[in-house]
Amino acid sequence: MVNKAKVAVLISGGGTNLQAIIDKWLEGELPHVDLNLVVSNKKDAKGIKRAEKANIECIAITEDFEENLLKELEKRNIDIIVLAGFLKILSVDFVNKYHDRIINIHPSLIPSFCGAGYYGLRVHEAVLEKNVQISGATVHFVNEIPDGGTIIMQKAVEVRKDDTALELQKRIMEQAEWEILPMALELVAKNLVEE
Ligand code: GRF
C-alpha cells in the first residue's frame, strides 16, 4: 500500500480550487494524498458544501483562528496544509511550525503581481493596466514573506487584448490554477512520504 500524507485544505470562499483537488483525488490521480480535512474561516463559504458533498470532514473556525486551527491539525496529525483561496494571513509562528508543509496558489506568475495587496481581482486588474501579455498561476511554499516562498509549479496563460479582469481571472483558473494546484500537492505529498 502507498503511504499517504494527511492533507488539510483551508478556504475562505467559492472553493473552486478545492473542487479541483477533490475531483483529481476522486479520480485517483493523487495517490499520495489523504484528503482529511477542510477548514473555512467563514461560516457561509460555498466551498463547505463541496467538502460535504465529497464526504470530507469540514469545520468552520470563526474565533481564535490559529489557536483552534492548530488544535484541529494536531489532533489529526495533518502533514500538509493547502491554502486554496484562503484570505487570512497566517502568523510567522504558525508558518514556521509547518515549514515546507504549507502550499499556496497565487493567480499570477510570481515574482510579478504578488505580495501585499495583490489578491483576488486586483491581481488581474494590475496585469491589464500594465498591458502584460502573459500571466498565469504559481503554487509555492508559504514562508514569512507574502507570496515569497519557494516556487513549486507555474503555468503561463495568455492575456487577450480585450480581456476584462473577470475574464482573465476565469481563464487563469481554468487553464492554470485547477491544473497545477492538485499536481503540486501530489508532488509535495509524494516527496514527503518518500522522505
Ligand atoms: C483563486 O484565484 C486563487 O488563486 C486565489 O483566490 C481565488 C480563490 O478561488 N488565491 P476559489 O475559492 O478556489 O474558487
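Somewhere in the range 49-58, is a residue charged (D, E, K, R), modelled with pLDDT of 95 or more and within 14 Å of the ligand (Cβ to nearest atom)? Yes, that holds for at least one residue. Just one of the listed residues (S112, S135) is part of a loop (DSSP other than H, G, I, E, B) and either modelled with pLDDT of 95 or more or within 12 Å of the ligand (Cβ to nearest atom) (or both), namely S112.
Checking each residue in the range 165-195 for being in contact (Cβ under 8 Å) with a residue 24 or more places away in the chain and under 19 Å from Y119 (Cα atoms) picks out A165, L166, L168, Q169, I172, M173, A176, E177, W178, I180, L181.
M1 meets each of the listed conditions (1) within 16 Å of the ligand (Cβ to nearest atom); (2) modelled with pLDDT under 95 apart from (1). Does L69 satisfy the condition of being in contact (Cβ under 8 Å) with a residue 24 or more places away in the chain and within 16 Å of the ligand (Cβ to nearest atom)? No, not satisfied.
Could you pull out the residue among L18, L30 that is surrounded by 17 or more Cβ atoms within 10 Å (Cβ to Cβ) and not in a helix (DSSP H, G or I)? Only one candidate qualifies: L30. Cβ separations smaller than 6 Å between residues 6+ apart or across chains give the following pairs from the range 104-122 residues that are surrounded by fewer than 15 Cβ atoms within 10 Å (Cβ to Cβ) to residues that are at pLDDT below 95: G115/P146; G115/D147; A116/P146. Looking at L187, L192, just one residue is surrounded by fewer than 21 Cβ atoms within 10 Å (Cβ to Cβ), part of a helix (DSSP H, G or I) and over 17 Å from the mean Cα position of the chain (by Cα), and that residue is L192.
The values are calculated or read from the model by the stated rules, or taken from the named source; none is laboratory data. Note that the coordinates shown come from a computational prediction; the quantities given were computed from them, not determined experimentally. Cβ sites come from the backbone with ideal geometry, for glycine too, and all protein chains shown count toward neighbours.
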